[in-house]
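K.L.:
Provided herewith is a single structure, encoded as structure tokens, for subsequent inquiry.
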Amino acid sequence: MSESRESESNGKAVPPALPQVWLRTCDAETIRPVQGKLTGKLPAWLNGRLTRNGPGKVQYGDTRFNHLFDGSAYIHQFNIKNGNVTYQSRFLQSDTYKRNTKANRIVVSEFGTAAFPDPCQTLLQRFMSFFTPLTQNEVTDNCVVSVCYFGDQLYALTETNRMRRIDPETLASVGEKTQLDHYIAVNTATAHPHIDPDGTVYNMGNSYVGIKGPTYNIIKFPPPKEVDGKKISSVEQAEIISTIPCQWKMYPCYYHSFGITDNYFIFVEQPYVFNMKKFLLNCYIGKPYLEAVEWYGQEKTKFRVVQRDTGEMLATNYVTAAFLTFHHTNSYEKDGQLVIDLAAMENGNEVNQLMLKNIEKPEFECSLDTTPFHRRFVLPLNVKNSPENTNLVTLNTKCSAYKRKNGSIEVEGQVISKQYFDLPRINYKYNGKEYTYSYGVEVNPKGVEFSQLVKMNVQTGDVSLWHEQGKVVSEPVFVAAPDATSEDDGVVLSTLIDKKEPKLVALLVMNPKTWTEMARVEFEACGIVTSTFHGQFAADDEPVHIL
């Protein structure tokens, strides 16, 4: 275990409880890039932009968001050029942000917050809206979760079917919001797409209506192309390439990400579900989406495996004890088996604990069974003639998979490490392939803080930790060296937010091999700096910006 800048006497890097950054609101944007103070040395080859996304405003007037996932999207960017680094940030100019700002209250519903009455509406308009179900115009375009390049176009993403394009130079919003349902029949989409080396983007999204009932759909966004002198964007070419039926017809499950290998897509259907009856009722009576989400821990979690070349789902039914996951780490095929790594928790009620009224309490602490650990599952692929009640996993792992009399495969995973772990990232050149290292954060149960950076050897479970007293880290992003000869040859980028000085922020550059600080660049922003969820690095010299 590597040492932190400040450690306790027993040598384990465990920072004390810190004031809560999730409750911050940015009071002034840093639209013009500001110069930073460099300590250490940046690699000469590191040139590009680290763009990050997260909640930047939790209150409008006397109305405050209820949930951690609801705050107004705020985009942060670090631009690295020939050893010089600048920082800039601004609010995503979504329709939702503009409406809330104009009304000086929350007038568009988010995941955990129902809209307050819009004072700009007449009494008749308010009365009529009470009897109007969720319409296209009312779906939030507050894209607060992540960012992703579709070809050469940068988008902010959330979990509705709305996306907002961003100018990567200025962070200004470009054009109107992108509505995926104008191109394909989906009501939602994840904020965690996958990107192939040729620039093809894959994502998943739900369709709630149709003759088959609710379905989960795999979406393909081909690289941009030119037809008759006109450029056709990736989004304009969107198509559904596979449809997975929902096992609980009026209870489609919530999911945040999915897995991919050279030959398969992996979807985890977990018993954390939208009660569609409640959802539709809540649209009428003004309750948030969260109140229609339910955890059925007595049900099984199921792995749905889809062949990439045909779009067909494997007939094998893979089941395991209930768990909730937000983030897939990586998946790969080996010896006729599918290895799936993800950050998961035993109890789905973790989401309900992330209310701001809980987070603001100094004594607040998540329960242990809602805290994420890194887990591995192994699915045997060719099981038609396999014997019953025999462990079919032949890899060097504690995972098991037993074929039962009804033909289903009962899977039991293993906890890779007892270290708290989430927001997993890898060297994305190993995406879908056998790998050794994952990088993430320790989600401290006390206050849901990103307290430490974690490097984990997924083969052995060994971890290295890094933290700095008085700072909060962010999701680590791995950037491979151009002449890399090993998986951990490159840098890991994170950010540091100062707990006592709210205008201070730093870009942290870590050496992945030694898990020590290589360099940092410190900035003073124009206003209060807020925390982020996810980000992407785009190198200047790469034609396809991978994750």
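K.L.:
Taking the Cβ of each residue in Trp45, Trp22 as the centre, tally the other Cβ atoms inside 10 Å and list the residues starting with the fewest.
P.N.:
With the sparsest Cβ surroundings first, the list reads Trp45, Trp22.
K.L.:
Which of the listed residues, Thr485, Met510, His534, is farthest toward the dipole's positive end in the stretch 483-547, when Lys, Arg count +1 and Asp, Glu count -1 at the beta-carbon?
P.N.:
Positive-most Cα among the choices belongs to His534.
K.L.:
Place +1 on the Cβ of every Lys and Arg and -1 on the Cβ of every Asp and Glu in the stretch 186-272, take the dipole about the Cα centre, and give the residue among Thr190, Ile232, Gly210 whose Cα lies farthest towards its positive end.
P.N.:
Among Thr190, Ile232, Gly210, the one farthest towards the positive end of the dipole of the stretch 186-272 is Gly210.
K.L.:
Further question: How many angstrom lie between the Cα centre of the stretch 360-394 and the Cα centre of the stretch 236-269?
P.N.:
What the calculation gives is 19 Å, centre to centre.
K.L.:
In percent, how large is the relative contact order of the stretch 441-539, given Cα pairs closer than 8 Å and 6 or more residues apart?
P.N.:
In percent, rounded to a whole number, it is 20.
K.L.:
I need to check one value: relative contact order of the stretch 252-305, counting alpha carbon pairs closer than 8 Å and at least 6 residues apart, in percent.
P.N.:
40 percent
K.L.:
Can I ask one more? Residue farthest toward the positive end of the dipole of the stretch 21-539, with Cβ of Lys/Arg at +1 and Asp/Glu at -1: which of Tyr430, Asn352, Gly286?
P.N.:
Sorting the options by dipole projection puts first Gly286.
K.L.:
Next up: Can you give the charge dipole size of the stretch 373-449 about its Cα centre, rounded to the nearest 20 debye, using +1 on the beta carbon of Lys and Arg and -1 on the beta carbon of Asp and Glu?
P.N.:
Taking the Cα centre of the stretch 373-449 as origin, the dipole is about 200 debye.
K.L.:
Treating the beta-carbon of each Lys and Arg as +1 and of each Asp and Glu as -1, no other charges, what is the dipole magnitude of the stretch 21-539 about its Cα centre, to the nearest 20 debye?
P.N.:
My answer is approximately 580 debye.
K.L.:
Once you sort the root eigenvalues of the Cα gyration tensor of the stretch 411-523 as a ≥ b ≥ c, which label holds: rounded (a/c under 1.5), prolate (a/b larger than b/c) or oblate (the other case)?
P.N.:
Cα axes put the stretch 411-523 in the oblate bin.
K.L.:
Could you list Thr261, Thr397 in order of exposure, starting from the residue whose Cβ has the fewest other Cβ atoms within 10 Å?
P.N.:
Starting with the residue having the fewest Cβ neighbours, the order is Thr397, Thr261.
K.L.:
Here is a follow-up. Just want to confirm a number: the relative contact order over the chain, from Cα pairs under 8 angstrom separated by 6+ residues, in percent.
P.N.:
In percent, rounded to a whole number, it is 16.
K.L.:
Taking the Cβ of Ser400 as the centre, find all other residues whose Cβ is under 13 Å away and add up their charges (Lys, Arg: +1; Asp, Glu: -1).
P.N.:
+2
K.L.:
Here is a follow-up. Tell me what the chain gives for mean residue ellipticity at 222 nm when only DSSP H runs of n ≥ 4 count, each as -39,500 (n - 2.57), the sum divided by the residue total, rounded to 500 deg cm²/dmol.
P.N.:
Calculated mean residue ellipticity at 222 nm is -1500 deg cm²/dmol.
K.L.:
Going through the cross-link list Lys212/Lys302; Lys220/Lys302; Lys41/Lys471; Lys302/Lys384; Lys433/Lys513; Lys249/Lys357, which pairs have a Cα-Cα distance over 26 Å in this structure?
P.N.:
In this structure, Lys249/Lys357 exceed 26 Å between Cα atoms.
K.L.:
Another question about this same structure. Which entry is the computed Cα extents along the principal axes in Å for this structure: (i) 91, 67, 49; (ii) 65, 62, 61; (iii) 75, 64, 44?
P.N.:
Only one listed value fits the structure, namely (ii).
Values quoted throughout were computed directly from the atomic coordinates according to the rules given, and no laboratory measurement underlies them. Here the structure is a predicted model, which means the values were calculated and not measured. Neighbour counts run over all protein chains shown; Cβ positions are idealised from the backbone, glycine included.
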